[in-house]
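Quick notes on the structure that follows.
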Amino acid sequence: MTPLPSRNVLGGPLHPCSQAPLTGFFRNGRCDTCAEDHGCHTVCVEVTTEFLAYSQAAGNDLSTPRPEYGFPGLSAGDRWCVCASRWLEALADGIASPVVLAATHERTLQLVPASTLREHATA
């Protein structure tokens, strides 16, 4: 797996999303991606309680600790690289978490317009 260039949706270098817990397709703390990342785990968000419940109901439980994988579980306010398509689904249902633009990979722009990301950016 060869990572794609690490650029963010603002056109600059991709910033880290979360080191604790360690996130990303490559578990390097960044929303880096590659051709094998079919889920496009490229959107860095600050998860909300509502988004965590939404994700769990959709079959991706991000809040339950999984010590066997070194995963402590997420809480509201944590940052995490999520699939662009899941973020869009949550947006359509009014539950999208705020986006960290500098830590969101430019590949996201293949699925989500920049204007939409900016509208939902965290300060």
Answer with yes or no whether Thr108 is in a strand (DSSP E or B), β-branched (Val, Ile, Thr) and touching a strand residue (DSSP E or B) at 6+ places or on another chain (Cβ under 8 Å). no
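Among the residues of region 80-123, which ones are hydroxyl-bearing (Ser, Thr, Tyr) and within 19 Å of His15 (Cβ to Cβ)?
Step one: of region 80-123, the residues hydroxyl-bearing (Ser, Thr, Tyr) are 85, 97, 104, 108, 115-116, 122.
Matches in region 80-123: Ser97, Thr104, Thr108, Thr122.
Inspect region 33-49 for any residue being assigned to a helix (DSSP H, G or I) and either of a type in the set (Phe, Trp, Tyr) or surrounded by fewer than 16 Cβ atoms within 10 Å (Cβ to Cβ) (or both) and give the result as yes or no.
Going through region 33-49, the residues assigned to a helix (DSSP H, G or I) turn out to be 49.
After this cut, where a residue has to be either of a type in the set (Phe, Trp, Tyr) or surrounded by fewer than 16 Cβ atoms within 10 Å (Cβ to Cβ) (or both) as well, the list is 49.
Yes, the conditions are met somewhere in region 33-49.
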Residue selected from region 69-98 under the condition in a loop (DSSP other than H, G, I, E, B) and hydroxyl-bearing (Ser, Thr, Tyr), by the criterion farthest from the chain's Cα centre (by Cα): Ser75
Please specify each residue of region 24-55 satisfying the condition of being at pLDDT 95 or above, polar (S, T, N, Q) and more than 24 Å from Ser115 (Cα to Cα). Thr49
Pairing a residue in region 111-123 that is basic (Lys, Arg) with any residue that is outside any helix (DSSP H, G or I), where Cβ atoms lie under 9 Å and the two sit 6 or more apart in sequence or on different chains, gives Arg118/Val9; Arg118/Val99
Unique match (being out of contact with any Leu (no Cβ under 7 Å at 6 or more places or on another chain), loosely packed, with under 14 Cβ neighbours inside 10 Å and over 21 Å from Ala121 (Cα atoms)) among Pro13, Pro5: Pro5
Where residues in region 60-117 are among the basic types (Lys, Arg) and modelled with pLDDT under 95, which of them is surrounded by the most Cβ atoms within 10 Å (Cβ to Cβ)? Arg86
Which residue is nearest to Cys44 (Cα to Cα), if the candidates are limited to region 83-106 and must be touching a helix residue (DSSP H, G or I) at 6+ places or on another chain (Cβ under 8 Å) and in contact (Cβ under 8 Å) with a residue 60 or more places away in the chain? Thr104
Could you please tell me which pairs satisfy a Cβ distance under 9 Å, a separation of 6+ or placement on different chains, a first residue in region 6-31 that is closer than 21 Å to Ala76 by Cα, and a second residue that is acidic (Asp, Glu) and surrounded by 22 or more Cβ atoms within 10 Å (Cβ to Cβ)? Gly24/Asp32; Phe25/Asp32
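The values are calculated or read from the model by the stated rules, or taken from the named source; none is laboratory data. Everything quoted here is computed from the prediction, not taken from an experiment. Every residue, glycine among them, receives a Cβ derived from its backbone with ideal geometry; neighbour counts consider all protein chains shown.
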